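Just below is one structure, and these are the notes that go with it.
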Amino acid sequence: MITLGHYLTLSAVLFAIGLFGVLTKRNVIAVLMSVEILLNAAAIAFAATAAYRDPLFFSGQLFALFIIVVAAAELSIGFAILLTLYRHAGSVSTDVIEEMRG
Amino acid sequence: MSLVAFAILAGLILAGALVVVFSSNIVRAAVALAFTFFLIAGLYFMLGSPMLAVVQFAVNAAAIPILTLFIIMMTRSRSVRPASGIFVLVALAVVIAFAGGLWAYLGAAETQVFPVSPEGIGLRLLSVTLFPFEVASVLLLLAMVGAIVLARRVEE
Amino acid sequence: MITFLAVVLLAVGGMLVAMAAPLLDRRADVLAGVTVAIFGVTAIMGALAYSERVLILASLEAGPLTGLALVLLSVAGLAVAWSGLTRPQSLKGGPGEFYAFLLWGVLGGVLLVGANNLLLFFLGLELSSYATYVIAAYDRDRRESAEGATKYMVLGALGSAFLLYGFALIYAATGSIYLDAIRQSLADGVPTLARVGFALALVGLGFKLALVPFHAWVPDAYQGARPLGGAFLASVPKIAVALGLITLLGRGFFPMNSEAGGWILGLAFLSFVLGNLWALPQENIKRLLAYSTVGHMGYLALGLAVGGAFGYASAGFYLLAYLLAGAGAFFALEAAEAAGVPSTLEGWKGLGRRAPLLAALVALLFLSLAGVPLLAGFLAKLYVFAAAAKAGWYGVLVVAVLTTVLGYFYYFKVLAAVFLDAPKDAGALNVSPSAVALVFVFAGLSLLFGVWPGAAFSVIERAFSVFLGA
Amino acid sequence: MIYANLSYWIPLLPFLGFLMLILLGPLFRGRLSGWFATLTMALVAFLALGLLAEALRAAPQWRLVGGEVELARGALSGFPFRLEWPWLSIQGEAGISLTFYIDQLAALVVAMVAVASLFIHLFSIGYMDGEARYPTFFAYLQLFTAAMLTFVMAGNFFIALLAWEVMGLMSYLLIGFYYKKKTAQAAMKKAFLTTKLADLGFMLGLFWLYKELGTFDLATVAEKAALLAVPVASGIGLLVFVAAIGKSAQFPLHVWLLDAMEGPTPVSAMIHAATMVAAGVYLTGRFYPVLEQGQALGYVAWIGGITALFAAVLAPAFADVKKIMAWSTVSQLGYMFLGLGVFGWAAAMFHLLTHAFFKALLFLGSGSMIHGSKTQDIFEMNRLGRYMPWTWVTFAVGALALIGVPPFAGFWSKDLILDVAKEHAPVLWFIGMVAAFFTAFYTTRMFVIAFHHPSLPSPWKAAAWNKDCPELNLKAGDCPPDPAPEPDHKPHESGAEMIIALVALAALSLIVGFWGSPLFGQSLLLFLYPGEAPEIIPASKLFGGYVIGTLVALAGIAVAWGLYARDPLKQRAPLWLTQALQRRLYIDEFYYRVVAEVAQWPTKALWLLDTYVVDVVVDAVGYVTMITGQALRYLQSGKLAVYALYIALGALALVFLGGARW
């Protein structure tokens, strides 16, 4: 049988993969895509917990719903900021955001 | 049986995510992301929440990858230069340690899934969760206005 | 009920401002005025809501802590809106919409402090963060702004993801997202999963609070934003998240307060040591203030780590003192930049001769930040250190006191440039009187609370004892 | 209790006045700022007198029965008045609260300060007219008054110390009001260094006191003083007394007061005669229980006696009216310490009160003389009695009060001090009597020369030009004496505000002495009587002292009159003596030398240590810190991925720490 542990493990591994993407990607769009994976990993954990442990209130399912909404909003703001960056730098590679340092 | 289904689904999800993370072609990564999210919708079906699955499909598996593709086109991003080797190794080490740490703390043995109908979710959404629901609407409005303000061209 | 009205006022006010903005393209000052008025009203409502004890729509806890947040956040928002009045058309792209983000950002902060469940907490935090991302990117004519905002937004999304995953693990461990239920569940023993969950949530919160090692975005975002936006960045998210962390610690995670305190202490220690060291060699004043913020948040977190009514109250007073002096310093930068002085040590040379009043106020604010007696910053440090001493952390205390000396060094470096160096351009500066008035109020309040902390401190302390008693 | 409950407005009003004037100064045109400040002070004086009236009613009533003091009625409830606000609170520790404590003495001195300050403000309206920084002057005056009132009302010594420092700061700023003059700069520096050095004693004494008794509270300290060990109490008492010596310009720290006359005359009247310098006496009075416990009162008495004589002897060698008055102030303050030291606590405070009025009067009178005659040199003043009748009358009242001629105020209080001294220390009584003779002498000399002689060539002025002035450590040319007025200058009477102020103070100088005199049953002394040790001498024993005192005063007047009425310019004392007196017995120069020399010893001694050890260590610490700061900058590389890695590493650490129980 599938247990809650299966789902949680899946979400943990997914989170780790997403985190790896955030750390290694050299394009800000790709980094944001990896962040989306992170958010989905959290959503899976919420939904699974709700399904197994919270039959009365299933708050986790609602939480997962809200995560989807929030992820969309986050991405739209992120992309808008990227556009302003692109106007200045002509690129959205992480190389172009290394001017301020120290 | 369902364990086999889960294993296949999970394997595909992880494979999709790995493609997103490792592909040096950003368009391919975006498509893989859509694929991954689509499969996650399947996961929600298995968890007995068709409502969540549908929303996941509509927003995460369809809208977001399309948005991503748009922005990829607008910024003329094609390929992603891979990170330098040493950094990849460091990141890998961190991630493995992190995943190992998390995994050690996970593990729960419940087997019974309690399905939730869309009506159930809807009722709950508009009763106990009404306040966060309204807040989410403000959040979306903010994102919309923010995106417009930042992205629109200024006539000089 | 008053709290609810204030929340509605902020949300609806933001919508109206956003809708009116395209129509009033050339009259952004009208919208700024409206925003100032709304914040004035909500600040008063916050004071009135101080004695309220209700649960609004099963989600928002209206109590003294929410009232306190409403007052502090509204004052911060009001000041930023007022500062925007001095150059209404200089906010390129959307001079009017800017105020909608102020209102929504403050709204998010209030919600996260008042949340009785993780969902509303998360949404409030995101609302506040998104407003901050937009404000950080608002100066879109400057490349620095885009660069700083990009880093801030991407790393912020990462921080949020950690927070969210932490919440998910807490939910998995306790089976509820409601803080009261979580506390009851944890009272029987804290499962490892919940402990890890809280640790991950702390990553996200530490990010917003700019604690080391989650601080790296701070200098870039502050340098990129306009000083006006810097003032917002330095005040609203800090107040909201610090008080929100107290909500979590005091309400939901009370049974694991001592170990959580240990983690926060570690972050605090790193922050005030490294933040102050980083600030030492800075030449750009915005960057210098950014690193010093990291240090200040370290001292603040020291109070949070101690916990209890006195620890929280000391952190609360620190917030107040930092709001006044830190945001005040950014308003001074804004006033100077509006008059054409770049925010660098080089540009500020001889400011004392070019704009004596502004320079004198800057001196007050920086001295308060450095922690000179008779200014609020000194007492704030004193209270936090007293809390640490009560907790028996003498080793940490010694290091904390030593690092304040570093603060003296770099703040005085700026003041020395302002007062002792000869200006390159000797002409008197034409500083906007309303901008100076704002700085004056912040400096004056720093002095007032430095000389007369009793009333403010007891109001704050009572808020926390009532909150903890509940 | 109305006034007691409102008493916090007494220091607050002038403070608000200060804020108004300093912030909105440019908006106050012409004399408006002066009138504004004076009105504030009128309000304060009204409140202060109301407070005094309430204190008189509520204080315990004593009466004299057959030479013994006995209690007629105890204090009404709520007396001494006490107002308290929490200030610095630290949980678990006793915080410092802002306390106002108004007992008999505080009520009296508050009223004295407020009334004297009111008239000095009024006088300044005319005197300072046309000055460049007119509003600033009044702003400073207001802040000084606020600080002085806070000091007097302070219920704990910590607040008193803060107010004491603010007073010192205002004194410093006002001495240097004409900051462009080299002499003013040097004088402000001298005053600052001398009093600051002395203030260290106050601070050290206070911290020691806090360590011993765990409180700064004035009433508690008075109660618990008896618990202190004798050496400890004398240590604390003497440390604080050092600060009092500095503030009240007593020998050997008297050097700054004479040069403080560089400030505007109303400032000299207010700060350097009537109020601030008396703060040292007041403070010593407040520390009386500690000093008594420490058996250290003898030092107080001797310092006072020596100063009283020393200053009175030096005064006749000066020609500058303000400097003569300054010596007189030093001398009179010496009397007060003498009184304190011989258990004449109430008598000393009585003299504090009377002196404030007649010395303010004399200073304002000399201000009026200077204003009318355009010179400070008494020899250059041209028969002022003819041209300035009001000034003449009022100055005469002040002079008689200072000399101690019955029935003027100074007579009753000074003779009382000397009577107490006779009981306890006959030698000091004798010294005091000699000083009284000289007091009469220099006062009469000044009066006769300034008011009754035509303008004369000033005997020492020509010699002073282009000479260096060692008492300020200045080089030749930096401190020329004020230029003489034009030969045909006609003195004129001063304006109405100034005259009103003079007349009011003259009236007070006449009246206020009666309050403590046997004619009115010594009611002031009985009001102040603290109930224990300090004595009240019954009227029957006082008569002999009165006769001797009056005779000595009259003798002084007669001798001075005889010498100076006809031929004031004749050099009578040997020239070397005159010169020595004018150089202030070389004490100031000695200090400058000593300071210059002593300052080099540690420098020389520490030079090696400094160069080879301290410098290296300090440099190394600074260097390492800076290097660390610089090195840390590399961590902040600007790379997004690196920043994200920090977050991930932080998360990793927290996850493992979170998982591991600790």
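The values are calculated or read from the model by the stated rules, or taken from the named source; none is laboratory data. Note that the structure is predicted; figures quoted are calculated from it, not measured. No Cβ is skipped: glycine too gets one built from the backbone with ideal geometry, and neighbour counts run over all protein chains shown.
List of remarks:
- Residues that are in a loop (DSSP other than H, G, I, E, B) and either within 23 Å of the chain's Cα centre (by Cα) or without any contact (Cβ under 8 Å) to a residue 40 or more places away in the chain (or both), drawn from region C:59-78: C:GLY63
- Hits in region A:82-102 - residues which are of a type in the set (A, V, I, L, M) and within 21 Å of D:GLN636 (Cβ to Cβ): A:LEU85, A:ALA89, A:VAL96, A:ILE97, A:MET100
- Matching option when the condition is over 30 Å from C:PRO95 (Cα atoms), buried (at least 24 other Cβ atoms within 10 Å of the Cβ) and away from chain D (no Cβ under 14 Å), among C:TYR130, C:TYR165, C:TYR138, C:TYR171: C:TYR171
- Residues (closer than 19 Å to D:ALA308 by Cα and not in a helix (DSSP H, G or I)) located in region D:251-286: D:PHE251, D:PRO252, D:LEU253, D:HIS254, D:THR275
Here's the yes/no breakdown for (1) under 28 Å from D:LEU24 (Cα atoms); (2) part of a loop (DSSP other than H, G, I, E, B):
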{"position": "D:ALA160", "(1), (2)": "no, no"}
{"position": "D:TYR172", "(1), (2)": "yes, no"}
{"position": "D:ALA191", "(1), (2)": "no, no"}
{"position": "D:THR195", "(1), (2)": "no, no"}
{"position": "D:LEU206", "(1), (2)": "no, no"}
{"position": "D:THR215", "(1), (2)": "no, yes"}
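- Residue list for region D:622-645, restricted to those being hydroxyl-bearing (Ser, Thr, Tyr) and either at the interface with chain A (Cβ under 7 Å from one of its Cβ atoms) or closer than 19 Å to A:LEU32 by Cβ (or both): D:SER637, D:TYR643
- Hits in region C:369-426 (condition: over 19 Å from C:ALA359 (Cα atoms) and of a type in the set (D, E, K, R)): C:LYS381, C:LYS390
- Looking at region C:346-393, the helices (runs of 4 or more DSSP H) lying wholly inside it that each contain 2 or more residues that are modelled with pLDDT of 90 or more and within 30 Å of C:GLY266 (Cβ to Cβ) sit at C:356-370, C:376-391.
- Annotation: of all residues in region B:14-68 being at the interface with chain A (Cβ under 7 Å from one of its Cβ atoms) and outside any helix (DSSP H, G or I), the one that is surrounded by the most Cβ atoms within 10 Å (Cβ to Cβ) is B:SER49.
- Here the condition is being over 22 Å from B:SER84 (Cβ atoms) and facing another protein chain (nearest Cβ under 7 Å); of A:LEU75, A:LEU56, A:LEU32, A:LEU23, it holds for A:LEU75 alone.
- Residue check, D:ALA440 of a type outside the set (Val, Ile, Thr), crowded, with 24+ Cβ neighbours inside 10 Å and within 21 Å of D:PHE358 (Cβ to Cβ): yes
- Restricting attention to region D:335-387 and to residues that are closer than 30 Å to D:TYR564 by Cα and among the aromatic types (Phe, Trp, Tyr), the residue that is farthest from the chain's Cα centre (by Cα) turns out to be D:TYR387.
- The lone criterion from (1) more than 10 Å from chain B (Cβ to nearest Cβ); (2) under 15 Å from the mean Cα position of the chain (by Cα) left unmet by C:ALA81 is number (2).
- Taken together, the criteria exclude D:THR391 from residues that are in the same structural domain as D:PRO316 (by TED's automatic domain parsing), in a loop (DSSP other than H, G, I, E, B), touching a helix residue (DSSP H, G or I) at 6+ places or on another chain (Cβ under 9 Å) and surrounded by 23 or more Cβ atoms within 10 Å (Cβ to Cβ).
- For region C:313-341, filtered to residues that are touching a Ser or Thr at 6+ places or on another chain (Cβ under 9 Å) and aromatic (Phe, Trp, Tyr), the residue that is nearest to C:LEU382 (Cα to Cα) is C:TYR322.
- Residues in region B:129-147 that are facing chain A (nearest Cβ under 8 Å) and not small (Gly, Ala, Ser): B:THR129, B:PRO132, B:LEU139, B:LEU140, B:LEU142, B:MET144.
- Residue under evaluation C:ASP220, criteria (1) within 12 Å of chain D (Cβ to nearest Cβ); (2) charged (D, E, K, R); (3) surrounded by fewer than 24 Cβ atoms within 10 Å (Cβ to Cβ), criterion not met: (3)
- Any hit, region D:647-658, residues being surrounded by 11 or more Cβ atoms within 10 Å (Cβ to Cβ), in a helix (DSSP H, G or I) and at pLDDT below 80: yes
- Between A:LEU23, A:LEU56, A:LEU85, the distinction of being assigned to a helix (DSSP H, G or I) and either farther than 22 Å from B:VAL27 by Cβ or touching a Leu at 6+ places or on another chain (Cβ under 9 Å) (or both) belongs to A:LEU23 only.
- Across region C:167-223, the qualifying residues are those that are among the β-branched types (Val, Ile, Thr) and not in a helix (DSSP H, G or I), and the one among them that is nearest to A:PRO55 (Cα to Cα) is C:ILE177.
- The residues of region A:14-36 that are of a type in the set (A, V, I, L, M, F, W, C) and touching a residue at least 24 places away in the same chain (Cβ under 8 Å), listed by number, are A:LEU14, A:PHE15, A:VAL28, A:ILE29, A:VAL31, A:LEU32, A:VAL35.
- Of all residues in region B:93-123 being of a type in the set (Gly, Ala, Ser) and over 23 Å from the mean Cα position of the chain (by Cα), the one that is surrounded by the most Cβ atoms within 10 Å (Cβ to Cβ): B:ALA108
- Answer from C:GLY33, C:GLY93 - the residue that is at negative phi and either surrounded by fewer than 24 Cβ atoms within 10 Å (Cβ to Cβ) or modelled with pLDDT of 95 or more (or both): C:GLY33
- Within region A:88-102, the residues that satisfy the criterion of being touching a residue at least 12 places away in the same chain (Cβ under 8 Å), assigned to a helix (DSSP H, G or I) and at the interface with another protein chain (Cβ under 7 Å from one of its Cβ atoms) are A:THR94, A:ILE97.
- Counting only helices (runs of 4 or more DSSP H) that sit wholly inside region D:488-605, those with at least 1 residues that are surrounded by 13 or more Cβ atoms within 10 Å (Cβ to Cβ), aliphatic (A, V, I, L, M) and modelled with pLDDT of 85 or more are D:496-516, D:539-564.
- Among residues that are touching a residue at least 12 places away in the same chain (Cβ under 8 Å) and more than 20 Å from C:LEU274 (Cα to Cα), C:ALA391 is included.
So that you can scan it fast, the table gives a plain yes or no per residue for (1) buried (at least 24 other Cβ atoms within 10 Å of the Cβ); (2) among the basic types (Lys, Arg); (3) within 19 Å of D:ILE403 (Cα to Cα):
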residue	(1), (2), (3)
D:VAL267	yes, no, no
D:ILE271	yes, no, no
D:PHE287	yes, no, no
D:GLN295	no, no, no
D:GLY298	no, no, no
D:ALA308	yes, no, yes
D:ALA312	yes, no, yes
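- Answer residue from region C:174-194, given it is at negative phi and among the small types (Gly, Ala, Ser) and is farthest from the other protein chains (Cβ to nearest Cβ) among those: C:ALA187
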